[in-house]
Amino acid sequence: MRLSTIKEEPDLVAALKRYFPDGIDIYFENVGGKMLDAVLINMRLHGRISVCGLISQYNLNQSEGVHNLLYLITKRVRMQGFSAFDYVDIYPKLLETVIPQIKEGKIVYVEDIVEGLENGPAALVGLFSGRNVGKQVVVVSHE
């Protein structure tokens with residue numbers, strides 16, 4: 001499933017059910033809001049959710065509440081927050097493991113590249129409004 005596809009869906013619960021008919025076993029949460037609500041409904045029994053961010057909430061005057069927490073109980077879902085700062089001591093080991101896999105094409109990531117410093121502010125706004133997909137990069141020079 002592509003993120004750009006899910007963003008266009010009027011009914012996130014139905015879309016996730018369509019893409020994951022057997023339910024979601026593992027979910028990496030960094031969006032929050034309506035997406036988290038839809039995911040909770042579609043979790044599998046004993047599913048796991050790792051929470052590292054809630055970007056949909058950061059710029060709201062009043063954050064949206066999560067409405068489907070009952071599914072944590074009925075589906076016995078484990079949801080746990082974490083911060084990368086908890087793992088600073090093993091960061092060198094991560095790089096040692098991941099960099100070769102990136103070079104071999106075993107790990108692939110998406111970059112949303114914008115050319116020119118003058119386009120930086122719009123790219124930043126796009127981060128918080130959901131316009132970009134992947135890592136946002138602003139190229140200021142090709143030197």
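For every residue, the table says whether it meets (1) among the hydrophobic types (A, V, I, L, M, F, W, C); (2) closer than 30 Å to residue 142 by Cα; (3) touching a Lys or Arg at 6+ places or on another chain (Cβ under 6 Å).
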residue: 46; (1), (2), (3): no, no, yes
residue: 54; (1), (2), (3): yes, no, no
residue: 70; (1), (2), (3): yes, no, no
residue: 79; (1), (2), (3): yes, no, no
residue: 84; (1), (2), (3): yes, no, no
residue: 98; (1), (2), (3): yes, yes, no
residue: 101; (1), (2), (3): no, yes, no
residue: 106; (1), (2), (3): no, yes, no
residue: 113; (1), (2), (3): yes, yes, no
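Every test in (1) among the β-branched types (Val, Ile, Thr); (2) in contact with a strand residue (DSSP E or B) (Cβ under 9 Å, 6 or more places away or on another chain); (3) at pLDDT below 90 is passed by residue 55 save one, and that test is (2).
Would it be correct to say that residue 34 is basic (Lys, Arg), out of contact with any helix residue (DSSP H, G or I) (no Cβ under 8 Å at 6 or more places or on another chain) and assigned to a helix (DSSP H, G or I)? It is false that residue 34 is basic (Lys, Arg), out of contact with any helix residue (DSSP H, G or I) (no Cβ under 8 Å at 6 or more places or on another chain) and assigned to a helix (DSSP H, G or I).
Is it fair to say residue 50 is hydroxyl-bearing (Ser, Thr, Tyr), surrounded by 14 or more Cβ atoms within 10 Å (Cβ to Cβ) and free of Cβ contacts under 8 Å to residues at least 40 places away in the same chain? Criteria met by residue 50. Does residue 24 satisfy being open to solvent by less than 20 Å² (accessible area, probe 1.4 Å) and at pLDDT below 95? For residue 24, the condition - open to solvent by less than 20 Å² (accessible area, probe 1.4 Å) and at pLDDT below 95 - is not met.
Which count do you get for residues in segment 116-136 that are open to solvent by less than 80 Å² (accessible area, probe 1.4 Å), outside any loop (DSSP other than H, G, I, E, B) and in contact (Cβ under 8 Å) with a residue 40 or more places away in the chain?
Matching residues across segment 116-136 total 1.
Do you know which residues across segment 90-115 are among the hydroxyl-bearing types (Ser, Thr, Tyr), assigned to a helix (DSSP H, G or I) and open to solvent by 100 Å² or more (accessible area, probe 1.4 Å)? Listed by number, the list holds a single entry, 91. Evaluation of residue 77 against the conditions (1) under 21 Å from residue 54 (Cβ atoms); (2) in contact with a Gly (Cβ under 7 Å, 6 or more places away or on another chain); (3) at pLDDT below 95; (4) surrounded by 12 or more Cβ atoms within 10 Å (Cβ to Cβ) shows that the sole unmet condition is (3). Of all the numbered requirements in (1) open to solvent by less than 80 Å² (accessible area, probe 1.4 Å); (2) in contact with a Leu (Cβ under 7 Å, 6 or more places away or on another chain); (3) assigned to a helix (DSSP H, G or I), residue 68 misses one, and that requirement is (3). Restricting the first member to segment 68-81 and to residues that are on the phi < 0 side of the Ramachandran plot, and the second to residues that are open to solvent by 100 Å² or more (accessible area, probe 1.4 Å), the beta-carbon pairs closer than 6 Å and six or more apart or on different chains are 78/48. The combined condition, being among the polar types (S, T, N, Q), at negative phi, surrounded by 11 or more Cβ atoms within 10 Å (Cβ to Cβ) and at pLDDT 90 or above, is not fulfilled by residue 30.
The values are calculated or read from the model by the stated rules, or taken from the named source; none is laboratory data. Model, not experiment: these values are computed from the prediction. Every residue, glycine among them, receives a Cβ derived from its backbone with ideal geometry; neighbour counts consider all protein chains shown. Side chains included, ligands, DNA and RNA excluded: accessible areas come from the protein's heavy atoms. Shrake-Rupley method; radii C 1.70, N 1.55, O 1.52, S 1.80 Å.
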